[in-house]
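The values are calculated or read from the model by the stated rules, or taken from the named source; none is laboratory data. These figures come from a predicted structure and were not determined experimentally. Here the Cβ is made from the backbone with ideal geometry for all residues, glycine too, and neighbour counts use every protein chain on show.
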Amino acid sequence: MPLNRRKEREIVFQMLFAAQFDPEADTQTLFETLADEMEEEGIRESAYVREVFCGAREYIPTAMEKIRQNAQGWRTERFSKATLAILQLALYEMDCVDSVPTKIAINEAVELSKRFDEEGSRKFVNGILGALAGE
């Protein structure tokens, strides 16, 4: 059964989160390893999951620079790994995935932060992404 876009996005978030523990790993190898470890059917068949995970990994330096520029008063080293993965995913979708409107990317990032991150993170995620969307 094919995955819906929300579930695909959640899987990519989880993969980006896990990838932070091995930042030097080859992206394709890491994708294969994480796809094997996750118990969700359809990961390998999902072009969206593969393309967005691999693309977001390559986009991390750009995403981190944008985050640093807009996280005034906050050091990115203090962000939770979940917050970083959510922001990296959302920024990649906003900047590089034509089929995802900016508003949807922000909303989905806020939903991920409600589900997987600390209590106050959704406001922070919304603020950073909102500022970046206004640029």
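Remarks
For every residue, the table says whether it meets (1) surrounded by 14 or more Cβ atoms within 10 Å (Cβ to Cβ); (2) over 15 Å from the mean Cα position of the chain (by Cα).
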residue	(1), (2)
Pro61	no, no
Gly73	no, yes
Thr83	yes, no
Tyr92	yes, no
Arg122	yes, no
Val125	yes, no
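- Ser113 being surrounded by 14 or more Cβ atoms within 10 Å (Cβ to Cβ), closer than 15 Å to Glu10 by Cα and modelled with pLDDT under 95: no
- You will find that of Leu34, Leu87, the residue that is of a type in the set (A, V, I, L, M) and either loosely packed, with under 12 Cβ neighbours inside 10 Å or more than 19 Å from Gly127 (Cβ to Cβ) (or both) is Leu34 and no other.
- When the range 9-56 is filtered for residues that are touching a helix residue (DSSP H, G or I) at 6+ places or on another chain (Cβ under 9 Å), of a type in the set (Asp, Glu) and modelled with pLDDT of 95 or more, only Glu10 remains.
- The single condition among (1) exposed (fewer than 15 other Cβ atoms within 10 Å of the Cβ); (2) at pLDDT 90 or above; (3) within 18 Å of Ala18 (Cα to Cα) that Glu65 does not meet is (3).
- Checking Ser80, Ser121, Ser113 one by one, the residue that is touching an Asp or Glu at 6+ places or on another chain (Cβ under 7 Å), closer than 25 Å to Pro23 by Cα and not β-branched (Val, Ile, Thr) is Ser80 and no other.
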